[in-house]
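All remarks here apply to the structure that follows.
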Protein chains: 2
Amino acid sequence: MSEPIAVTDPADPRLADYTDLTDVALRRRREPAEGLFMAEGEKVVRRALAAGYPMRSLLLTARWVEALRDVIDSTAAPVYLVSPELAERVTGFHVHRGALAAMGRRPLPPAAELLAGARRLAVLEAVNDHTNVGAVFRGAAALGLDGVLLSPDCADPLYRRSVKVSMGAVFSLPYARLDQWPAGLAEVRAAGFRLLALTPDARAVDIAAELRGSGGGRLALMLGAEGTGLTHGALAAADAWVRIPMSHGVDSLNVAAAAAVAFYAVTTAAPDRPQQPA
Amino acid sequence: MSEPIAVTDPADPRLADYTDLTDVALRRRREPAEGLFMAEGEKVVRRALAAGYPMRSLLLTARWVEALRDVIDSTAAPVYLVSPELAERVTGFHVHRGALAAMGRRPLPPAAELLAGARRLAVLEAVNDHTNVGAVFRGAAALGLDGVLLSPDCADPLYRRSVKVSMGAVFSLPYARLDQWPAGLAEVRAAGFRLLALTPDARAVDIAAELRGSGGGRLALMLGAEGTGLTHGALAAADAWVRIPMSHGVDSLNVAAAAAVAFYAVTTAAPDRPQQPA
């Protein structure tokens with residue numbers, strides 16, 4: 001257990017993990033380099049711990065001590081008790097959830113490990129927006145995909161905003177990075193996955209028709225960034241292009257909604273998978 | 001055609017439609033009362049006009065005159081030319097899209113008219129968040145529903161934020177209000193619709209299983225507000241409760257993603273509807 005330590009100096013070096021959280025460019029570099037990520041709010045802190053991430057330290061205001069008493073009692077990490085004003089000075093924003101944890105990263109599994117155990121994967125190419133990364137993870141986890149593969153230039157799922165928008169799904173859904181892009185997609189295909197590229201291109205086939213024809217084997221659904229979509233290289237590497245049919249003159253859904261629909265189609269259409277009980 | 005009129009006084013009464021756009025509470029009351037709504041940006045202005053809404057006036061900065069030349073040339077409404085600074089002083093925000101139109105509302109169709117022509121409807125109860133209203137309309141239009149019914153306390157689809165998030169889908173998808181709630185749902189059922197309530201409640205049946213069994217008749221899919229969901233009264237008025245099965249310990253999707261998945265399930269599962277060509 002850990003006895004909360006009152007900290008009153010914003011320059012206290014023990015708070016270094018929590019400085020300048022609003023400087024996205026800085027934190028994007030710093031957190032992976034230092035093996036660090038932020039869990040914000042009681043629920044997210046608990047989910048990160050439940051997923052097995054080690055806690056480096058916990059920063060909280062007085063009124064959160066009771067709510068997090070069991071966490072404080074069971075951790076060996078230092079617990080820093082600060083005023084709301086100090087929390088804001090250190091982090092750069094009003095910490096309205098009142099609790100922040102600095103968590104330690106773990107090495108990502110190799111892509112081969114993810115491929116070996118999965119049947120339905122999402123593959124994200126260059127999704128740079130942390131909100132969208134979080135939303136796609138939430139949808140992929142909720143709708144029963146087995147994991148996510150990221151292109152080398154995808155945004156960090158453990159960045160604070162991604163974690164928050166995912167509602168912690170980035171902790172429960174396994175993911176890995178492909179080091180080569182798009183060459184690494186050959187490894188996905190070699191593991192027995194059919195690569196489906198989601199695109200609004202008129203030459204793509206209706207995703208439902210493709211899934212009826214694909215026989216329920218392993219599937220990897222490729223998604224690009226909002227606006228730009230998948231690159232030519234990624235589209236060329238796919239086995240098939242699929243699209244969600246659009247009505248009423250609408251040209252697209254936002255990336256989170258499109259991903260959710262496609263994930264639902266993939267996980268419900270597979271004829272060799274038992275239907276979930278009603 | 002209309003010759004642009006330069007306006008330099010922020011208190012000019014001709015700009016009254018555009019004042020205090022950031023005061024949500026004020027505009028929520030004022031716009032329906034005055035039969036007014038705002039279209040923001042070239043694309044949305046064009047979509048509102050294409051849908052047949054009358055333009056009361058157009059406010060734009062100099063660099064948008066050429067892009068909107070055809071609109072200016074074909075309207076009888078006054079066109080006010082202002083500096084970016086004046087636009088910001090009048091509206092309360094930086095009008096980065098450079099063009100705003102004050103549009104006239106039209107009477108909503110009676111619910112009976114919408115019910116007569118539709119096979120697949122969304123029914124929204126107390127969705128008070130303009131972003132969510134817009135996102136649900138975008139999904140409903142994109143995925144091929146025929147219209148939307150709103151409970152009396154649903155937020156206004158023509159509020160600026162709803163319009164923007166819907167990408168103009170609030171113009172292309174018909175909608176109506178039910179005056180009585182939940183009593184008005186009896187009218188929906190009397191028109192031959194099966195009422196499906198979307199809820200995470202464990203007693204609900206898998207939406208896919210329900211749709212396989214429902215024989216492709218008329219369907220009205222009921223959605224509640226994020227967080228609170230459908231009220232007891234609305235749930236009690238439904239013919240069946242349906243849910244989207246969740247995995248990996250996730251308890252929900254956000255309302256836009258959940259709505260999109262449910263709309264997709266409804267519009268693709270109906271066995272008596274011809275499949276869209278691949």
Query - Conditions (1) more than 19 Å from B:Asp17 (Cα to Cα); (2) in contact with a Phe, Trp or Tyr (Cβ under 6 Å, 6 or more places away or on another chain): number failed by B:Thr91 - result: (1)
Requested in this report: Output the residues belonging to the range B:134-157 that are among the small types (Gly, Ala, Ser), at the interface with another protein chain (Cβ under 8 Å from one of its Cβ atoms) and crowded, with 24+ Cβ neighbours inside 10 Å.
Outcome: B:Ala135, B:Gly139, B:Ala141, B:Ala142
Query - Breaking point among (1) closer than 21 Å to A:Val136 by Cα; (2) more than 14 Å from chain B (Cβ to nearest Cβ), for A:Ala186 - result: (1)
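This table checks each residue for (1) more than 25 Å from the chain's Cα centre (by Cα); (2) crowded, with 17+ Cβ neighbours inside 10 Å; (3) among the polar types (S, T, N, Q); (4) at pLDDT 95 or above.
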site: B:Met1; (1), (2), (3), (4): yes, no, no, no
site: B:Thr8; (1), (2), (3), (4): yes, no, yes, yes
site: B:Asp12; (1), (2), (3), (4): yes, no, no, yes
site: B:Ala16; (1), (2), (3), (4): no, no, no, yes
site: B:Val24; (1), (2), (3), (4): no, no, no, no
site: B:Val44; (1), (2), (3), (4): no, yes, no, no
site: B:Val79; (1), (2), (3), (4): yes, yes, no, yes
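Which residue out of B:Tyr175, B:Tyr159 is closer than 19 Å to B:Leu115 by Cα, outside the structural domain of B:Gly35 (by TED's automatic domain parsing), hydroxyl-bearing (Ser, Thr, Tyr) and within 18 Å of the chain's Cα centre (by Cα)?
Just a single option satisfies the conditions, and that option is B:Tyr175.
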Report summary line: Those residues of the range B:95-140 that are of a type in the set (D, E, K, R), touching a residue at least 60 places away in the same chain (Cβ under 8 Å) and in a loop (DSSP other than H, G, I, E, B) come to a total of 4
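Answer with yes or no whether B:Gly216 is closer than 29 Å to A:Arg212 by Cβ, assigned by TED's automatic domain parsing to the domain that holds B:Gly134, surrounded by fewer than 18 Cβ atoms within 10 Å (Cβ to Cβ) and of a type outside the set (A, V, I, L, M, F, W, C).
It is true that B:Gly216 is closer than 29 Å to A:Arg212 by Cβ, assigned by TED's automatic domain parsing to the domain that holds B:Gly134, surrounded by fewer than 18 Cβ atoms within 10 Å (Cβ to Cβ) and of a type outside the set (A, V, I, L, M, F, W, C).
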Query - Subset of the range A:150-175 [hydrophobic (A, V, I, L, M, F, W, C) and more than 17 Å from B:His248 (Cα to Cα)] - result: A:Leu150, A:Cys154, A:Ala155, A:Leu158
Report summary line: In the set A:Ala258, A:Ala190, A:Ala234, A:Ala262, the lone residue that is surrounded by fewer than 15 Cβ atoms within 10 Å (Cβ to Cβ) and assigned by TED's automatic domain parsing to the domain that holds A:Leu121 is A:Ala190
**Report entry** Every residue from the range A:158-182 that is buried (at least 20 other Cβ atoms within 10 Å of the Cβ), within 14 Å of another protein chain (Cβ to nearest Cβ) and in a loop (DSSP other than H, G, I, E, B)
**Finding:** A:Ser166, A:Met167, A:Gly168, A:Leu173
Report task. Keeping to the range A:200-247, report how many residues are within 14 Å of chain B (Cβ to nearest Cβ) and part of a loop (DSSP other than H, G, I, E, B). Result -> 12
Query raised in the report: Within the group B:Ala183, B:Ala202, B:Ala191, B:Ala208, which residue is in contact (Cβ under 8 Å) with a residue 60 or more places away in the chain and farther than 27 Å from A:Leu253 by Cα?
Result: B:Ala191
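The values are calculated or read from the model by the stated rules, or taken from the named source; none is laboratory data. None of these values were measured; they are calculated from a predicted model. Here Cβ is always computed from backbone atoms with ideal geometry, including for glycine, and neighbour counts include all displayed protein chains.
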